[in-house]
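Below is one structure, written out as structure tokens, with a few remarks after it.
Readers should treat all values here as calculations from the given coordinates under stated rules, not as data from a laboratory. None of the values given here were measured: they were computed from a predicted structure. Quick reminder, even Gly has a Cβ in these numbers, built from the backbone with ideal geometry, and neighbours come from all protein chains shown.
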Amino acid sequence: MKRISEINPLPLYYQLKELLREQIECGALKPNQPVPSERELGEKYNISRMTARHALSQLEAEGFVYRKQGKGTFVAEPKIRQGLLKLTSFTEDMQSKGMKPGAKVVDMDVLSEDEELESKLGASPGEQFVKIQRVRTADGKPMALETSFLRRKFCPGIEEMDLNNRSLYKILEEQYQIFFSRAEQTLEPKLADEYEAQILGVDKGKPMLLMERTTFLEDSSTAIEYVRSVYRGDRYKFYIELTRS
Ligand code: GLP
């Protein structure tokens, strides 16, 4: 058994946190299994309950464990490791990981006179946009809140369709012959606001990842969609391979 040592200059809670993290990452503690209680950890490693509590709350903040009120602390599912190089859809991403993609439309609207969207999408003054807000799920669990804005003249009538549990990119390809060729994307941290927290089933103030994407047609210069996706920070990590040439 690995020990926690007072001689080690690292704080005791940190040593315990790292030890539990290793056990989770190597699979010794499995997803949704209970983590030993503060009392058990205290006895096993000869530390105070306060120290054990501190270690568990750090692990929770980093998304390795979750708490159930009155039931204890459990190992979280491993995060989804999402590549950043390919222009893929949520549906394709989930299917490639063997998960079932889902979409629940929570808002749909037609907007115009929106200068911010006009400038983001290079649209003409007064052009109409279709706003589609969806909760994206994987195996039925909420993963992200996606708010897409499409230039309506390229996909008229899309606002009348039932987009629940359907792939937007597939609809754009099949019904409107819109084939995307490239996108510009940014990724930054944010904290869950009240609405995002409630709709995604997390606590307000939890870390999230905000991804903004502008997607272009095959001619490479006509932008069609602008999307703000708020991904759960406890369920996602983004991956990119770097080469040194
Ligand atoms: C990803 C992107 C979004 C895009 C969506 C389309 O989640 N971040 O910008 O709109 O995929 O996914 P789907 O075709 O599954 O609706």
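Count Lys and Arg as plus one, Asp and Glu as minus one, and take only other residues whose Cβ is under 9 Å from that of Glu159; the net charge is then 0.
Projecting the alpha carbon convex hull of segment 103-245 along each direction and taking the average yields 10.1 nm².
So what's the net charge close to Ala103: Lys and Arg +1, Asp and Glu -1, counting the other residues with Cβ under 12 Å from its Cβ? Before the final figure, lay out the partial values.
Numbers: positive: Lys100, Lys104, Arg134, Arg136, Arg166, Lys170; negative: Glu146, Asp162.
Charge balance in the 12 Å sphere: +4.
Taking the Cα centre of segment 52-186 as origin and assigning +1 to Lys and Arg Cβ atoms and -1 to Asp and Glu Cβ atoms, the resulting dipole is close to 920 debye.
Our estimate of slack between Asp107 and Glu194, defined as 0.36 nm per intervening residue step minus the Cα-Cα distance, is 29.7 nm. Could you estimate the translational diffusion coefficient of the chain from the Stokes-Einstein equation, with Rh from the Kirkwood formula over C-alpha pairs, at 25 °C and 0.890 mPa s, in whole µm²/s? Rounded to a whole number, D works out at 120 µm²/s. Going 7 Å from the Cα of Leu217 in the Cα-to-Cβ direction, what parts of segment 150-169 have a backbone nitrogen less than 13 Å from that spot? Taking a point 7 Å out along Cα→Cβ of Leu217, the residues of segment 150-169 whose backbone N falls under 13 Å are 151-156.
Report, in whole Å, the centroid distance computed from the Cα atoms of segment 14-77 and segment 136-190. Distance between centres, Cα-based: 38 Å. Over segment 139-185, the Kirkwood radius and the radius of gyration, each from Cα atoms, give a ratio Rg/Rh of 0.98.
Across all directions, the average projected area of the convex hull around the alpha carbons of segment 64-163 is 9.0 nm². Using the empirical formula 2.2 N^0.38 Å as the baseline, the Cα radius of gyration of segment 21-72 reaches a ratio of 1.09. Counting other Cβ atoms within 10 Å as a rough exposure proxy, the listed residues Lys30, Lys97 run Lys30, Lys97 from fewest neighbours to most.
Would you order Val106, Val130 from fewest to most other beta-carbon atoms within 10 Å of each residue's own beta-carbon? Walk me through the intermediate numbers first.
Numbers: Val106 14, Val130 21.
Placing the least packed residue first, the sequence is Val106, Val130.
Taking the Kirkwood radius as Rh and the Cα radius of gyration as Rg, segment 1-100 has a ratio of Rg/Rh equal to 1.10. Applying a DSSP loop filter and a limit of 12 other Cβ atoms within 10 Å to the GluC sites (Glu not before Pro) in segment 79-123 leaves Glu113.
Among the listed pairs Lys97/Lys120; Lys86/Lys190; Lys86/Lys237, which have their C-alpha atoms separated by more than 26 angstrom in this model? Distance filter (> 26 Å) returns Lys97/Lys120. With neighbours defined as other Cβ atoms within 10 Å of a residue's Cβ, the residues Phe179, Phe238, Phe149 order from fewest to most as Phe179, Phe238, Phe149. Taking the Cα centre of the chain as reference, the dipole from Cβ charges on Lys and Arg (+1) and Asp and Glu (-1) amounts to some 1400 debye.
When you filter the GluC sites (Glu not before Pro) in segment 1-81 for DSSP loop state and at most 12 other Cβ atoms inside 10 Å of their Cβ, you are left with Glu6.
If you plug the beta carbon distance of Ile240 and Leu87 into 1/(1 + (r/R0)^6) with R0 = 22 Å, you get a FRET efficiency near 0.95.
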